[in-house]
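Below is one structure, written out as structure tokens, with a few remarks after it.
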Amino acid sequence: MPLSIVVMTYLLGLGQPVSATPPDSLRRDQPQQAISGYLGTTGPGILYNRVLSQSNRLILRVGGQYAAYRQTVRLKASSDSYIQINPDITIGMALASLKWHPFQKSSFFVTGGVGYTWHPDMRFILSAENKLDLDGLVMTPEDVGTVNIGFRWHPVVGYLGWGFGRSLPNKRFGAGIEMGVFYLGKPSVSLDYEGFLETTTIDEQVPIVERNLSNYRYLPTINLTLSYTLTNARKRTQSVN
């Protein structure tokens, strides 16, 4: 073959335009991701979702939630006597879970994971607002004193759930519902007080209370979710989750 033809063929090969769009195989390698916000019985939260399987049926979820209640409650003890209860109830949790869609074309899913809570207890402080009249026994707030009672669970919790909703919606947004239960472990009870209770044997009742509460190890929850997909339009149409 003449040298000129070889050179010309080489130059024409180099002159071919280079596509600025990556091939489909590269686009498919990009992670499919979404963000989900939810609101339910255990407070608001947010989750990051990432597809782990080529079938788009296994999803890793990482996120957290937070809710707190500290509003003073007044209980009427008699016609003109009130007891104040100051609660400290906080649900603060970081959660990692796997979500699996057992049916290819259905939004039904099951999920399981583990969480860590940095506030695994509830506390209540009781005190008298004014003179306390208990069937003729009248005590001043100073006589009543304060009672601080707490209930504590294990900081590491398990979670199982199920529901309906796509982690990566076919469109930009999607909604769903999730029901589940947290396993909290066996609770322990703490009791601190001053005032008239110091003259009683109430400390002896703490083990009995703990035994009666030993079955309260589960926290059910139900959440409404709203998801926003972070992937492009072509990948959304390919995803079934």
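The values are calculated or read from the model by the stated rules, or taken from the named source; none is laboratory data. Bear in mind that the values here come from a model prediction, so they are computed numbers and not experimental data. A quick note on method: Cβ atoms are made from the backbone with ideal geometry, for glycine too, and the neighbour counts reach across all protein chains shown. Accessible surface is based on the protein model in full, side chains and every heavy atom, while ligands, DNA and RNA are left aside. Shrake-Rupley method; radii C 1.70, N 1.55, O 1.52, S 1.80 Å.
Pull up segment 96-108, narrow it to residues that are in contact with a Gly (Cβ under 6 Å, 6 or more places away or on another chain) and at pLDDT 95 or above, then point me to the one that is most open to solvent (accessible area, probe 1.4 Å).
ALA96
Only one of (1) without any contact (Cβ under 8 Å) to a residue 24 or more places away in the chain; (2) of a type in the set (A, V, I, L, M, F, W, C); (3) in contact with a Phe, Trp or Tyr (Cβ under 8 Å, 6 or more places away or on another chain) fails for PHE109. Which number is that?
The failed condition is (1).
Scan segment 160-187 residue by residue and report those that are open to solvent by 60 Å² or more (accessible area, probe 1.4 Å) and outside any strand (DSSP E or B).
Within segment 160-187, ARG166, ASN170, LYS171, ARG172, LYS186 meet the criteria.
Scan ARG166, ARG172 and give me the residue that is closer than 22 Å to LEU58 by Cβ, out of contact with any Pro (no Cβ under 8 Å at 6 or more places or on another chain) and among the charged types (D, E, K, R).
So the residue among ARG166, ARG172 that is closer than 22 Å to LEU58 by Cβ, out of contact with any Pro (no Cβ under 8 Å at 6 or more places or on another chain) and among the charged types (D, E, K, R) is ARG166.
Yes/no per residue for (1) of a type outside the set (Asp, Glu); (2) touching a Ser or Thr at 6+ places or on another chain (Cβ under 6 Å):
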{"residue": "SER78", "(1), (2)": "yes, no"}
{"residue": "THR90", "(1), (2)": "yes, no"}
{"residue": "LYS99", "(1), (2)": "yes, yes"}
{"residue": "GLN104", "(1), (2)": "yes, no"}
{"residue": "TYR116", "(1), (2)": "yes, no"}
{"residue": "ASP121", "(1), (2)": "no, no"}
{"residue": "PHE124", "(1), (2)": "yes, no"}
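Step by step: first the residues of segment 60-76, then only those that are out of contact with any Gly (no Cβ under 8 Å at 6 or more places or on another chain) and modelled with pLDDT of 95 or more, then the one that is surrounded by the fewest Cβ atoms within 10 Å (Cβ to Cβ). Which residue is that?
Top of the filtered list is VAL62.
For every residue, the table says whether it meets (1) touching a His at 6+ places or on another chain (Cβ under 9 Å); (2) closer than 28 Å to TYR228 by Cα; (3) among the aromatic types (Phe, Trp, Tyr); (4) outside any strand (DSSP E or B).
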{"site": "LEU47", "(1), (2), (3), (4)": "no, yes, no, no"}
{"site": "ARG50", "(1), (2), (3), (4)": "no, yes, no, no"}
{"site": "SER53", "(1), (2), (3), (4)": "no, yes, no, yes"}
{"site": "ARG61", "(1), (2), (3), (4)": "no, yes, no, no"}
{"site": "GLN65", "(1), (2), (3), (4)": "no, yes, no, no"}
{"site": "PRO87", "(1), (2), (3), (4)": "no, no, no, no"}
{"site": "THR90", "(1), (2), (3), (4)": "yes, yes, no, no"}
{"site": "MET93", "(1), (2), (3), (4)": "yes, yes, no, no"}
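Give the residues of segment 128-157 that are touching a Gly at 6+ places or on another chain (Cβ under 8 Å) and farther than 15 Å from GLY195 by Cα, sorted by residue number.
Hits for segment 128-157 are TRP153, HIS154, VAL156, VAL157.
Mind listing whichever residues of segment 79-95 are open to solvent by 30 Å² or more (accessible area, probe 1.4 Å) and farther than 28 Å from TYR216 by Cα?
SER79, ASP80, TYR82
Of all residues in segment 127-159, which are within 14 Å of ASP88 (Cα to Cα) and either buried (at least 17 other Cβ atoms within 10 Å of the Cβ) or within 27 Å of the chain's Cα centre (by Cα) (or both)?
VAL147, ILE149, GLY150, PHE151, ARG152
List pairs: first residue in segment 188-207 and on the phi > 0 side of the Ramachandran plot and of a type outside the set (Phe, Trp, Tyr), second residue modelled with pLDDT under 85 and not in a strand (DSSP E or B) anywhere in the structure, Cβ distance under 6 angstrom, at least six positions apart or on different chains.
If the second residue must be modelled with pLDDT under 85 and not in a strand (DSSP E or B), the pairs left are GLY195/VAL144; GLY195/GLY145.
Could you grab the pairs with beta carbons closer than 9 Å, sequence gap of 6+ or different chains, first residue in segment 113-132 and free of Cβ contacts under 8 Å to residues at least 60 places away in the same chain, second one open to solvent by 60 Å² or more (accessible area, probe 1.4 Å) and in a loop (DSSP other than H, G, I, E, B)?
If the second residue must be open to solvent by 60 Å² or more (accessible area, probe 1.4 Å) and in a loop (DSSP other than H, G, I, E, B), the pairs left are THR117/HIS154; ASN130/ASP80; LYS131/ASP80.
So which residues in segment 26-59 are farther than 21 Å from GLY176 by Cα and open to solvent by 60 Å² or more (accessible area, probe 1.4 Å), if there are any at all?
LEU26, ARG28, ASP29, GLN30, GLN54
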